[in-house]
Amino acid sequence: MDYFLIWLSVSYSVILYSPLIAAQQFEYRYHKCTDNSTYTANSYPSNLNATLSSLYENASRSDDFGSISVGKNSDRVFALFLCRGDDSPESCRGCIKTAREEIKILCPNYKEAIIWYDRCMLRYSNRSIFSVTEESPKTWLWNPSDIGNAIDQNQFNSNLVGLMFQLISRAASSSNFFAMGDTNGIAFNRIYGTVQCTPDISPSECRKCLSSRVSDIPSCCSGKLGGNVLTPSCSIRFETYLFYTALPPPPASSPSPPTPPTTSLNPSGERKASSRTILYISVPTSAFAVLFFSICYYCYVHKKPKKENSAMKGGNGIENMERNLSNI
């Protein structure tokens with residue numbers, strides 16, 4: 001009985017504290033209730049709840065970005081989310097779930113708000129925020145550790161700026177506007193960085209937004225071993241430790257697999273049969289042909305004495321064989 005009570009107590013504790021444990025997976029960065037106007041008891045609260053619920057559902061179906069709007073006129077709610085480009089789909093969903101719950105607590109009754117975690121960002125507003133580059137509100141965070149005398153600060157800054165602009169170039173030309181990487185050098189001087197934009201803005205706007213964030217580094221994180229600059233449309237981060245999910249090394253080279261057959265459309269709009277379809281047709285046809293001639297040969301061999309007998313009686317053996325084949 002005592003063991004049962006202990007087991008019951010432990011199980012209850014796990015159930016009670018599991019939401020807190022799950023919430024601690026995502027490092028809170030910052031939030032901002034960006035609009036002084038608040039909503040009252042009208043359609044906006046229900047639209048906001050519906051929007052945040054739908055946003056979480058979108059996070060379950062998409063890769064790392066999603067947007068949705070619910071409602072009409074002044075009660076319409078626009079919302080979007082962005083997960084860090086190296087994050088897994090499961091982690092992205094968990095982060096959005098945490099963000100949508102916390103933002104309602106931190107910004108109660110506000111019509112516009114934004115919240116950042118280390119792995120995701122979520123924002124909503126009563127105005128359209130889609131495909132618009134916005135660099136406000138802006139916030140920055142920094143690593144409390146200083147560069148110190150052990151590292152050449154000028155060399156550190158030079159390596160950092162070089163890394164950031166390399167990542168900006170890669171991100172602006174990628175499909176998800178995200179890039180991560182590190183500097184080359186000894187481990188103590190290695191710098192890791194990420195840059196990211198929301199994919200609904202243009203590549204040129206993404207490049208411009210990220211370049212402005214690099215310009216914020218002297219004000220944000222001068223002399224620090226790490227920093228993080230956040231805006232609604234783009235963000236950058238750098239550290240001297242690996243804080244993102246490193247990509248696995250490429251597999252050893254191996255022979256390329258055969259190209260699978262394809263189905264294309266000819267100019268008339270009819271589908272062309274693939275090589276696999278031709279194979280499926282030709283194999284049974286060949287088998288039928290072999291079977292047919294085997295039957296013919298069998299009949300010929302077993303009727304040969306009759307044919308020879310007919311020839312002895314003056315009949316034409318070739319004509320008889322042709323007649324037998326025609327009968328088959």
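Observations
- Sequence-distant contacts, meaning Cα pairs under 8 Å at least 6 residues apart, place the relative contact order of the stretch 33-190 at 20 percent.
- Label point distance in nm, Asp216-Glu101, each placed 7 Å from Cα along Cα→Cβ: 2.9
- Cα centroid separation, the stretch 66-138 to the stretch 172-220 (Å): 21
- Fully extended contour minus Cα-Cα distance, from Ser53 to Gln25, at 0.36 nm per residue: 8.0 nm
- Listed peptides 111-123, 217-229 by packing density, highest first (mean Cβ within 10 Å): 111-123, 217-229
- Exposure proxy order (Cβ contacts within 10 Å, fewest to most) of Phe165, Phe178, Phe156: Phe165, Phe156, Phe178
- Debye, to nearest 20: dipole size of the stretch 139-239, +1 on Lys, Arg Cβ, -1 on Asp, Glu Cβ: 120
- With 0.36 nm allotted per residue and the present C-alpha distance subtracted, the Tyr241-Ser175 stretch has 21.1 nm of extension available.
Here, each number is a calculation from the coordinates, and none is a lab measurement. Computed from a predicted model, the values in this text were never measured in an experiment. As a convention, Cβ positions derive from the backbone with ideal geometry for all residues, glycine included, and neighbour counts pool all protein chains shown.
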